[in-house]
Amino acid sequence: MRHAGGVSRDAVADPVLHRRRRQRLLDALGDGLLLLPTAPEQRRNGDVLYEHRPGSDFHFLTGFPEPEAVLAAWRTGRGRHRAVLFVRPRDPVREVWDGPRAGVAGAVRAFGADAAHPIGELWHRLPDLSCDHARLFHRLGVDSAFDRRLLDAFATLAQKRRRRQPVAHPAIEDPIPALAAMRQRKDPAELAAMRAAAAATVAGHIAAMRATRPGIREYEAQAALEAAFRRHGSPRNGYPSIVASGPNACVLHYHENDRRMRAGDLLLVDAGAEVGGCTGDVTRTFPVSGRFTSAQAAVYRVVLRAQLAGIRACRVGAPWTRAHVVCVRELTKGLVELGALRGDVDRLVRKQAFKPFYMHGTSHWLGRDVHDVGAYDDDHDRPLSLVDGAVLTVEPGLYFGAKDQRAPSALRGIGVRIEDDVLVTRRGPVVLTAAAPKAIDEVERLVGRS
């Protein structure tokens, strides 16, 4: 996978890779026209736009990084297809402000499109593109502005041909289930990107551990974390970093990241770097002062024991929920050991007595999106089995609110989560983020050692 220089760090100029992916998808869909826009630009405020990130599906099939782009593709025979990109044309005036564009010629030369046209010609050319196809593969409801233009184009065409009373538009079918199933099983190029994202993510977590000490604010640890992401080739985070100290660790999606850390606190960092369009997703919890208290260590050992058991459960053919089932039992057993629950472990699990202290799931798919595409259940609501090449997280935790009277007083205010990214293979689970320290002695050797 090589990146095209001079255009964007999101550019992946590998025409053979993307042609192969498109062919696999089109063969799965059958005959018809695939129409896939990239993510639209979004206005932040005034004349400021949010940073643009290519749409995950679009980028997966094209490697093209720029906004205002649409892919049209269709099969032309056995093992063959044609791909047309509609892109922004070169514009010397705008490129002074926004940087260079690939343009129509670059879309063909660097990204392997069979043809390319200015994006402004899409709706003019769509009737000719679609007229030979009985089916249109497009997901409605994602980009309402694009959908309106699409339906308006078909309405205009139908009006022009009204005397013949033709079909107003091709049958519209959703290509995303087929594309999601394809993306769920990572190909070698995506696995390479995920390993790079994992490496950058690990580097960031180690940097945060080294930078942490009593008296600094959460955002200072975040700065060390994300600086390491960037140094390792990540143009952006996969999601907003959670840097939660003390009682904030019991807020699952805490994002303020501004509390001053105190001696005796734990710091929970949940963050992932994006590289090559794929993201890591790792959580580590460690002591701000460099040493776990006895209560913190007791909770941490329970969570780590559960996580290791959950990882071992990630095997081809097992239900994707197996890791959660295993983790719940280990956590419940630990809660009894910690004095937070009493009774028979199996009965407590059936009653979901763990819920006040472990209220979220253990796993989700991971890839181009932090909660990646891919079905979880079949048509009968039964969990699907893990397949070779899938990547998922394993992230058990225990959370004891500072004012939670249900928890033993020694545990109140402690929140611990440990998360890694696990590749499912026929030879067993592979932890892509194993280099991020999580054994107690390894963590304690790192914290504050910048």
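For region 393-417, which residues satisfy the criterion of being assigned to a loop (DSSP other than H, G, I, E, B) and either surrounded by 24 or more Cβ atoms within 10 Å (Cβ to Cβ) or without any contact (Cβ under 8 Å) to a residue 12 or more places away in the chain (or both)?
First, the residues of region 393-417 that are assigned to a loop (DSSP other than H, G, I, E, B): 395-396, 400-408, 412-414.
Listed by number, the residues that qualify are E395, P396, F400, K403, Q405, I414.
As an exercise: evaluate G317 against (1) within 21 Å of the chain's Cα centre (by Cα); (2) within 30 Å of F60 (Cβ to Cβ) and give the number of the one condition it does not meet.
All conditions are met except number (1).
Could you please let me know if R315 is outside any loop (DSSP other than H, G, I, E, B) and either farther than 29 Å from T201 by Cβ or in contact (Cβ under 8 Å) with a residue 12 or more places away in the chain (or both)?
Working: outside any loop (DSSP other than H, G, I, E, B): no; either farther than 29 Å from T201 by Cβ or in contact (Cβ under 8 Å) with a residue 12 or more places away in the chain (or both): yes.
For R315, the condition - outside any loop (DSSP other than H, G, I, E, B) and either farther than 29 Å from T201 by Cβ or in contact (Cβ under 8 Å) with a residue 12 or more places away in the chain (or both) - is not met.
I'd like to check something: does region 132-144 contain any residue that is over 27 Å from the mean Cα position of the chain (by Cα), surrounded by 19 or more Cβ atoms within 10 Å (Cβ to Cβ), modelled with pLDDT of 95 or more and not charged (D, E, K, R)?
The initial filter retains those residues of region 132-144 that are over 27 Å from the mean Cα position of the chain (by Cα), namely 132-136.
Filter once more, keeping what is surrounded by 19 or more Cβ atoms within 10 Å (Cβ to Cβ): 136.
Now drop any that are not modelled with pLDDT of 95 or more, which leaves 136.
So of that shortlist, the ones also not charged (D, E, K, R) come out as 136.
The answer is yes; a qualifying residue exists.
Need a quick list: helices (runs of 4 or more DSSP H) entirely within region 82-158 having at least 2 residues that are under 22 Å from A39 (Cβ atoms), assigned by TED's automatic domain parsing to the domain that holds E173 and free of Cβ contacts under 8 Å to residues at least 12 places away in the same chain. Give the derivation first.
Details: elements: 92-98, 103-109, 122-130.
Of the helices (runs of 4 or more DSSP H) lying wholly inside region 82-158, those with at least 2 residues that are under 22 Å from A39 (Cβ atoms), assigned by TED's automatic domain parsing to the domain that holds E173 and free of Cβ contacts under 8 Å to residues at least 12 places away in the same chain span 92-98.
Please work out which residue is modelled with the lowest pLDDT, limiting yourself to region 16-70 and to residues that are in a loop (DSSP other than H, G, I, E, B) and hydroxyl-bearing (S, T, Y). Before you say what the answer is, go through the steps one by one.
At the first step, the residues of region 16-70 found to be in a loop (DSSP other than H, G, I, E, B) are 30-32, 38-42, 46-47, 50-55, 63-69.
Remaining after also requiring hydroxyl-bearing (S, T, Y): 38, 50.
Values: T38: 97, Y50: 93.
Only one residue fits best here, namely Y50.
Residue check: is G204 at pLDDT 95 or above and on the phi > 0 side of the Ramachandran plot?
On the way: at pLDDT 95 or above: yes; on the phi > 0 side of the Ramachandran plot: no.
When the stated conditions are applied, G204 does not pass them.
What single numbered condition from (1) among the hydroxyl-bearing types (S, T, Y); (2) touching a strand residue (DSSP E or B) at 6+ places or on another chain (Cβ under 7 Å); (3) farther than 22 Å from G30 by Cα fails to hold for S144?
Going through (1) among the hydroxyl-bearing types (S, T, Y); (2) touching a strand residue (DSSP E or B) at 6+ places or on another chain (Cβ under 7 Å); (3) farther than 22 Å from G30 by Cα one by one, S144 breaks only (2).
Any idea which of (1) touching a residue at least 40 places away in the same chain (Cβ under 8 Å); (2) over 24 Å from R185 (Cβ atoms) is the one E442 doesn't satisfy?
All conditions pass for E442, except number (1).
Give the residues of region 78-108 that are among the β-branched types (V, I, T) and either under 27 Å from the mean Cα position of the chain (by Cα) or under 21 Å from G63 (Cβ atoms) (or both), sorted by residue number. Steps first, answer last, please.
Start the filter on region 78-108 by keeping residues that are among the β-branched types (V, I, T), which leaves 84, 87, 93, 96, 104, 108.
Selection gives V84, V87, V104, V108.
Please state which of the following conditions F229 fails to meet, knowing it meets all the rest: (1) surrounded by 16 or more Cβ atoms within 10 Å (Cβ to Cβ); (2) under 23 Å from R412 (Cβ atoms).
(2)
This table checks each residue for (1) at pLDDT 95 or above; (2) over 23 Å from the mean Cα position of the chain (by Cα); (3) closer than 24 Å to L335 by Cα.
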residue	(1), (2), (3)
T362	yes, no, yes
R368	yes, no, no
G389	yes, no, no
L411	yes, yes, yes
G415	yes, yes, yes
E419	yes, no, yes
T433	yes, no, no
K438	yes, no, yes
G448	no, yes, no
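Quick check on my filter: what residues within region 318-342 are assigned to a loop (DSSP other than H, G, I, E, B) and either under 24 Å from S294 (Cα atoms) or not assigned by TED's automatic domain parsing to the domain that holds A410 (or both)?
Of everything in region 318-342, those that are assigned to a loop (DSSP other than H, G, I, E, B) and either under 24 Å from S294 (Cα atoms) or not assigned by TED's automatic domain parsing to the domain that holds A410 (or both) turn out to be G339, A340, L341, R342.
The values are calculated or read from the model by the stated rules, or taken from the named source; none is laboratory data. Not measured: the values here are computed from a predicted model. All Cβ positions, glycine included, derive from the backbone under ideal geometry; neighbour counts span all protein chains shown.
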